[in-house]
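Quick notes on the structure that follows.
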Amino acid sequence: MKRVEAESVGDVLRRAIEEENLTEKLLETRACALWPRVVGQYIAARSSKPVMRRGIMTVAVAAASLRNDLDMSRSSIIKIINSTLGRDVVRDIRFIS
């Protein structure tokens, strides 16, 4: 049996993620996970879990007044999420009813 040099689990996972081109999807998932932390628990409880696709985050908000307030804060929310991730992952946020 041939001995192979030991690799850390982290290195193996990083290599697998890169080989399968999952880096962008993982960053989008992390951006969605940041939603409650960025907007707060109150707003997160009154909106759906965000969905990301091709850099656009979509969040369902039933209350028109809250949707309007979030729409006005869109650029700030994008900036906070992207700075937290250290990359420009979120290009736009769409608030739907």
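A short reminder: the numbers here are calculations on the coordinates, not readings from a lab. Please read all numbers here as calculations on a predicted model, not as lab measurements. Cβ coordinates were reconstructed from backbone atoms using ideal geometry, including for glycine residues, and neighbour counts include every protein chain displayed.
Quick look at the numbers
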{"read-out": "Inter-centroid distance (Cα atoms) of the range 52-97 relative to the range 1-41, Å", "value": "23 Å"}
{"read-out": "222 nm mean residue ellipticity, helices alone, for the chain (DSSP H n ≥ 4; -39,500 (n - 2.57); rounded to 500)", "value": "-15500 deg cm²/dmol"}
{"read-out": "Computed over the chain, Kirkwood Rh from alpha-carbon pairs, angstrom", "value": "15.0 Å"}
{"read-out": "FRET E, pair residue 15, residue 54, Förster distance 35 Å, beta-carbon r, rounded to 0.05", "value": "0.90"}
